[in-house]
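For reference, the structure is listed below as structure tokens.
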Amino acid sequence: MKTLVWVEHDGSSVKDATLAAVTAASKLGEVHLLVAGEGVDGVAKVASEIAGVGKVHVADNAAFAHNLPENIAPLVAELMASHDAFVVPATTTGKNIAPRVAALLDVMQISDILSVEGDRSFTRPIYAGNAIATVESEDAKLVLTVRGTAFEKAAATGGSGTVEAVSAGGDAGLSSFVGSEIAKSERPELTSAKIIVSGGRALGSSEKYQEVIVPLADKLGAALGASRAAVDAGYVPNDYQVGQTGKIVAPDVYFAIGISGAIQHLAGMKDSKTIVAINKDEDAPIFQVADLGLVADLFNAVPELTGKI
Amino acid sequence: MKILVPVKRVLDYNVKPRVKADGTGVDLANVKMSMNPFDEIAVEEAIRLKEKGVATEIVAISVGPAKAQETLRTALAMGADRAILVQSDDAVEPLGVAKILKAIADAEQPGLVILGKQAIDDDNNQTGQMLAALTGWAQGTFASAVNVEGDSVSVTREVDGGLETVKLKLPAIVTTDLRLNEPRYASLPNIMKAKSKPLDTKAPADYGVDIAPRVKVLKVSEPPVRQAGIKVADVDELVAKLKAMGVHS
Ligand SMILES: Cc1cc2nc3c(=O)[nH]c(=O)nc-3n(C[C@H](O)[C@H](O)[C@H](O)COP(=O)(O)OP(=O)(O)OC[C@H]3O[C@@H](n4cnc5c(N)ncnc54)[C@H](O)[C@@H]3O)c2cc1C
Ligand SMILES: Nc1ncnc2c1ncn2[C@@H]1O[C@H](COP(=O)(O)O)[C@@H](O)[C@H]1O
């Protein structure tokens, strides 16, 4: 089988989620990549060094600069004439593009795969991860999105793919990019951090989040996360949200501080290696999944922890 | 302009899903079912656009069993004007739903179709994007703000790094994220009024759509259970345990 993996990049480097998608694709067969964007020669070079990669298709066009699915999907559909599976990291960009491609190819997408069970069969979470379905595609071609935390990352170097320019596609004239507010941070990214410190509604304000959660994260070199309640209340920006509808994370250590442990939150973090929970309610559901639980008032316990760790 | 709002009947988000012992699926017998939470947000957004004078009519659509009428009545009670039930006792996959919605869009000629970003049962997150491909319209997914300006709509999207705004030519497809709005509750008088609003019942065949599944579910199982660990007595014990694991500054 010949696969085409969507390379998620920021114009200069390849995002880690891509490396997990490459691993998933390599279980199906030959791995080809698609690098789309404007001025992406550098990224294409970086991508060609990913271990195990065959061809790297490079679509360099201003119309592809902002990943507008109206422009990208027809390009992918055209490339899929000579590939059997389109494999995409389950990021917000991937989730925006892949189903549009699937419908153009008249196939069902299989979302968020956790494992490759056979040529056409996969496992995937349903009901916020409260059940795992094993499914088999009966379509001629596969369109898959890949959960990044479920696959090892392919080695970023060691490969020697051949770069080939694609001239297909252009501006469909349906949409345009207006702007973005992307937080620049020195911290590790949530989805690839080794340690995450997350705060919940109990913090009560963005000042308290800054005062209590941030110093612990600073001390541990951790990424910052939050529950939906904390995001909705405006303590932190939306991209901090962990959960069914936020980011799926699986760090070595996840600190859930003042977070009750609703199933939608657990869906995003329960595959963490070690879960540490601090909550003043000893019956909080978070303790059912926590490896280390501390029943305490976070406003006392967290500063003390930050001081002593 | 007209707005179409597809709404799905799903297991209520407060109910803990239980996998059936025979591994064929999740037990839906005698459990509370509700409108998919993202679809409530979609209905609310449509109503707000009508209140602003942007929309003239809101049509709620559900593909599902006869009981999905209840979900449509909820949409009508919130403020939708009429409803279409495309009845099917067999589960219809996102591609099938998108094809049915495409046929309805051809007939109704809406300015916007507002869907949820994902149905919380199958967590597919596909239908809106597929409908956009089939209609050839632009898509603004995971929306946290929607502003109609003349013959275009600007949509602010929740993306991995933060927020992004795109401008789409109308007609267009929008899918909702959680922070787009807070859905209203239907008042009792509106629930009563909703009972007499028009609700058409159709079948997938009426739209010439083949809903035969493309993906076979071989098995549904429980996820691996995570064992609860220990409770530590105080911060000192927590620090000691963390340090033993190699976690320190
Ligand atoms: C469709 C849908 C999707 C959703 N998606 C997500 C998602 O992706 N991510 C997500 O997180 N949620 C999601 N939710 C929301 C989820 O259901 C919960 O409402 C949310 O996770 C609760 O956040 P919380 O734990 O911070 O708040 P709460 O549930 O209010 O918990 C606060 C906790 O803090 C504790 N506490 C209070 N004061 C203190 C103190 N001084 N010291 C220590 N502990 C204290 C309390 O005991 C309590 O356990 C979703 C909901 C829906 C309907
Ligand atoms: N059977 C259905 N009937 C009506 N709308 C649906 C149906 N299935 C999906 N949708 C719509 O598509 C959105 C995304 O669903 P999904 O792609 O299944 O995650 C939902 O939030 C609904 O707005």
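The values are calculated or read from the model by the stated rules, or taken from the named source; none is laboratory data. All figures in this text were calculated on a predicted structure; none of them were measured in a lab. Please note: Cβ atoms are built from the backbone with ideal geometry, for glycine as well, and neighbour counts cover all protein chains shown. Remember, those area values only see protein heavy atoms, side chains included, never the ligands or the DNA or RNA. Shrake-Rupley method; radii C 1.70, N 1.55, O 1.52, S 1.80 Å.
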* Asked: Taking Cα centroids, how far is the stretch B:104-136 from the stretch A:128-153 in Å?
  -> 21
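If R0 is 51 Å, what FRET efficiency do you get for B:D151 and B:E222 from their C-beta distance, rounded to 0.05?
Working: r = 50 Å, r/R0 = 0.99.
The calculated FRET efficiency here is 0.50.
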* **Rounded accessible area of A:S176 (nearest 10 Å², 1.4 Å probe)** => 50
* Debye equation applied to the C-alpha atoms of the stretch B:1-98, log10 I(q)/I(0) at 0.11, 0.17, 0.19 Å⁻¹ -> -0.36, -0.77, -0.92
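With charges set only on the Cβ (+1 for Lys and Arg, -1 for Asp and Glu), what does the dipole of chain B come to about its Cα centre, in debye to the nearest 20? Working shown, then result.
On the way: 32 positive and 33 negative charges, 56 e Å.
For chain B, the charge dipole is close to 280 debye.
Counting each DSSP H run of 4 or more residues in chain B as -39500 (n - 2.57), what helix-only mean residue ellipticity at 222 nm follows after dividing by all residues, to the nearest 500 deg cm²/dmol? Write out the running numbers ahead of the final one.
Details: 6 runs with 67 residues, N = 249.
Theoretical 222 nm ellipticity from helices: -8000 deg cm²/dmol.
Determine, for each peptide in B:123-130, A:91-98, the mean count of other beta carbons within 10 angstrom over its residues, then list the peptides with the highest first.
Numbers: B:123-130: 27.6, A:91-98: 26.1.
Highest mean packing first, the order is B:123-130, A:91-98.
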* Asked: So, in nm, how far is label B:L188 from label B:R18 when the simple model puts each one 7 Å beyond its Cα toward the Cβ?
  -> 3.4
* Asked: Going by the alpha-carbon gyration tensor, a ≥ b ≥ c the square roots of its eigenvalues, is the stretch A:190-308 rounded (a/c under 1.5) or, if a/c is not under 1.5, prolate (a/b greater than b/c) versus oblate?
  -> rounded
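When every alpha-carbon pair in chain A is counted, what percent end up more than 26 Å apart?
On the way: 23144 of 47586 pairs.
Distances greater than 26 Å cover 49 percent of the Cα pairs.
Using a 10 Å cut-off around each Cβ of peptide A:167-180, what is the average number of partner chain Cβ atoms that fall inside?
Details: counts 0, 0, 0, 0, 0, 3, 2, 10, 13, 8, 4, 7, 5, 9.
Mean number of neighbouring Cβ atoms from other chains: 4.
Give, rounded to the nearest 20 debye, the magnitude of the charge dipole that the protein assembly as shown has about its Cα centre when Lys and Arg contribute +1 at Cβ and Asp and Glu contribute -1 at Cβ. Don't skip to the answer; put the middle values down first.
Numbers: 56 positive and 70 negative charges, 165 e Å.
The dipole of the protein assembly as shown has a size of about 800 debye.
In what sequence, highest mean first, do B:143-151, A:23-31 appear when ranked by Cβ atoms within 10 angstrom? Could you put the intermediate results ahead of the total?
Details: B:143-151: 15.7, A:23-31: 22.0.
Highest to lowest by the protection proxy: A:23-31, B:143-151.
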* Structure fact -> Whole-percent carbon and sulfur contribution to the accessible surface of the protein assembly as shown (1.4 Å, no ligands, DNA or RNA) stands at 49
* Could you sort out which of B:K16/B:K197; B:K102/B:K167; A:K55/B:K102; B:K32/B:K219 sit more than 28 Å apart by Cα distance in this structure? => B:K16/B:K197; A:K55/B:K102
* Asked: How much area per residue is accessible in the stretch B:195-241 when the probe is 1.4 Å and only protein heavy atoms are counted (Å²)?
  -> 66
* Asked: Picking from A:G179, A:I50, B:P171, whose Cα lies most toward the positive end of the charge dipole for the protein assembly as shown (charges on Cβ: Lys, Arg +1; Asp, Glu -1)?
  -> B:P171
* How many angstrom separate the Cα center of the stretch B:7-58 from the Cα center of the stretch A:220-299? -> 25
* **Label zone at B:D27, where the point sits 7 Å out along the Cα-to-Cβ direction: the stretch A:121-143 residues whose backbone N lies under 20 Å** => A:126-134
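Of all trypsin sites (Lys or Arg not before Pro) in the stretch A:147-203, which ones are in loop regions per DSSP and have a Cβ with at most 13 other Cβ atoms within 10 Å? All intermediate terms of the calculation are to be shown ahead of the outcome.
Numbers: sites: A:R147, A:K153, A:K184, A:K194, A:R201; in loops: A:R147, A:K153, A:K184, A:K194.
Loop-located and lightly packed - A:K184.
Partner chain Cβ atoms within 10 Å, averaged over the residues of A:286-299 - can you pull that number for me? Please list the in-between numbers first.
Working: counts 1, 3, 5, 5, 5, 7, 9, 6, 8, 4, 5, 0, 0, 0.
For this peptide, the per-residue mean of nearby foreign Cβ atoms is 4.
Calculate the mean, over all residues of peptide B:137-145, of how many other protein chain Cβ atoms lie within 10 angstrom of the residue's Cβ. Intermediate values should be presented prior to the final figure.
Working: counts 3, 8, 10, 3, 7, 5, 0, 1, 0.
Mean partner-chain Cβ count within 10 Å for B:137-145: 4.
Step through the table entries A:K45/A:K247; A:K280/B:K231; A:K15/A:K153; A:K153/A:K219; A:K2/B:K99; A:K153/A:K247, compare each Cα-Cα distance with 20 Å, and write down the pairs that go over it.
A:K45/A:K247; A:K153/A:K219; A:K2/B:K99
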* Asked: Karplus couplings for the stretch B:56-63 from phi (6.51 cos²θ - 1.76 cosθ + 1.60, θ = phi - 60°), rounded to Hz, Gly and Pro as x?
  -> 10, 8, 10, 10, 8, 10, 9, 10
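For chain A, what does -39500 (n - 2.57) per DSSP helix run (n ≥ 4), summed and divided by total residues, give at 222 nm, in deg cm²/dmol to the nearest 500?
Values: 8 runs with 73 residues, N = 309.
Taking each H run of at least 4 residues, the total per residue is -6500 deg cm²/dmol.
About the Cα centre of chain A, what is the dipole size in debye to 20, counting +1 per Lys and Arg Cβ and -1 per Asp and Glu Cβ, all else neutral? Display every interim value, and only then the final one.
Numbers: 24 positive and 37 negative charges, 81 e Å.
About 400 debye.
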* Structure fact -> Heavy-atom accessible surface buried between A and B, both sides counted, 1.4 angstrom probe, nearest 100 Å², is 6900
